[in-house]
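The values are calculated or read from the model by the stated rules, or taken from the named source; none is laboratory data. Remember, it's a predicted structure, so these values are computed and weren't measured experimentally. Here the Cβ positions follow ideal geometry from the backbone for every residue, glycine too, while neighbour counts run over all protein chains shown.
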Amino acid sequence: MEIIIQPDAAEASRVAARIVARLVGDKPHAVLGFATGNTPLQLYRELVRLRREEELDFSGVTTFNLDEYVGIAPAHPSSFHSYMWAHLFSHINVPKQRIHIPDGLTADIPATCRHYEQAIRSAGGIDIQILGIGTNGHIGFNEPTSSLSSRTRIKTLTEESRKHTAAGFGGTGGVPTHVITMGLGTIIDSRMCLLLAFGKKKARAVARAIEGPVTAMVPGSVLQMHPRTVAVLDREAASELEMADYYTWVYDHKPDWQRY
Ligand code: PGA
């Protein structure tokens, strides 16, 4: 795994944006996997800026989001549909018909999950999957004890995850109990995983996922099995990494052509 430690979330998000922009520039029909939550907001702002100021072209891109709440309409203000349109899709030129987010209102969840997997395969697989990490180590909404080879399916949220998004639903009691999420097997089929984590409260999950044992108790640790994961962290999120000095040295000594 490549670990890039930056002074703050803004710098780290610019590194992540350069990685995405380079792919989109080199491969106009790239397939991008997006995440929601607080973590990728600055990355999305930077992509919007690159669209506005440097005409980064998303017209050939296909997108897949990691997850959506079950029972929540796309128009609900706290749906992941709403989040993606508010923060990214309304501001870049990605064609609507190539945007994929799981349908939280589907009457047939298993069929929807199968079709989602099929759609990812038909698009040629995901080139870069953007990921945040929960304080409990989840990626997507693959909560602890998720199978390391799981595919897109329904999951039950932990209390910790429901508390994290309580504000958008008028309190923890209003947060949906279930989600549809890409599985860990789906995520690591992506050609590249781009993990972002910022702030002290993520330090323990980051250390467990990157340097701890591979275990379903820390779903993000499955990324250790992935041939091309880049973790872009701020200093606080990296603060519990034993090998932090080594990762910094490695990044500082990369040849120019390998830098982001
Ligand atoms: P956050 O969530 O980006 O809002 O911290 C990350 C996650 O729970 O996956």
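Things to note:
- Any pair with Cβ under 8 angstrom, 6 or more apart, that starts in the range 160-189 at a residue that is within 25 Å of Q224 (Cβ to Cβ) and ends at one that is surrounded by fewer than 17 Cβ atoms within 10 Å (Cβ to Cβ) and of a type in the set (G, A, S): G183/S147; G183/S149; L184/S147; L184/S149; G185/S147; G185/S149; D189/G125
The rows are residues; the columns are (1) more than 10 Å from the ligand (Cβ to nearest atom); (2) among the hydroxyl-bearing types (S, T, Y).
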position: F141; (1), (2): no, no
position: P144; (1), (2): yes, no
position: T156; (1), (2): yes, yes
position: G170; (1), (2): yes, no
position: T177; (1), (2): yes, yes
position: D189; (1), (2): yes, no
position: L194; (1), (2): yes, no
position: R208; (1), (2): yes, no
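- Condition check for M1: within 18 Å of the chain's Cα centre (by Cα), within 17 Å of V230 (Cα to Cα) and either hydrophobic (A, V, I, L, M, F, W, C) or away from the ligand (no atom under 16 Å from the Cβ) (or both): yes
- Residues located in the range 5-27, provided they are touching a residue at least 60 places away in the same chain (Cβ under 8 Å), crowded, with 17+ Cβ neighbours inside 10 Å and away from the ligand (no atom under 16 Å from the Cβ): I5, Q6, V15, I19, V20, L23
- Selection count where residues are more than 14 Å from the ligand (Cβ to nearest atom), assigned to a loop (DSSP other than H, G, I, E, B) and either surrounded by fewer than 16 Cβ atoms within 10 Å (Cβ to Cβ) or within 11 Å of the chain's Cα centre (by Cα) (or both), scope the range 28-45: 2
- Some residue of the range 215-236 being among the acidic types (D, E), farther than 30 Å from T112 by Cβ, at pLDDT 95 or above and crowded, with 21+ Cβ neighbours inside 10 Å: yes
- Boolean, F141 is closer than 19 Å to G104 by Cα, surrounded by fewer than 18 Cβ atoms within 10 Å (Cβ to Cβ) and either of a type in the set (F, W, Y) or in contact with a Cys (Cβ under 9 Å, 6 or more places away or on another chain) (or both): no
- Flag for I120 being in a helix (DSSP H, G or I) and closer than 14 Å to F34 by Cβ: yes
- The C-beta contact set for the range 28-55 (first residue touching a residue at least 60 places away in the same chain (Cβ under 8 Å), second residue of a type in the set (D, E, K, R) and more than 11 Å from the ligand (Cβ to nearest atom), distance under 8 angstrom, 6+ apart or interchain) comprises A30/D127; V31/D127; L32/D127.
- For the range 72-87, residues that are outside any helix (DSSP H, G or I) and either out of contact with any Pro (no Cβ under 9 Å at 6 or more places or on another chain) or farther than 22 Å from A119 by Cα (or both) total 7.
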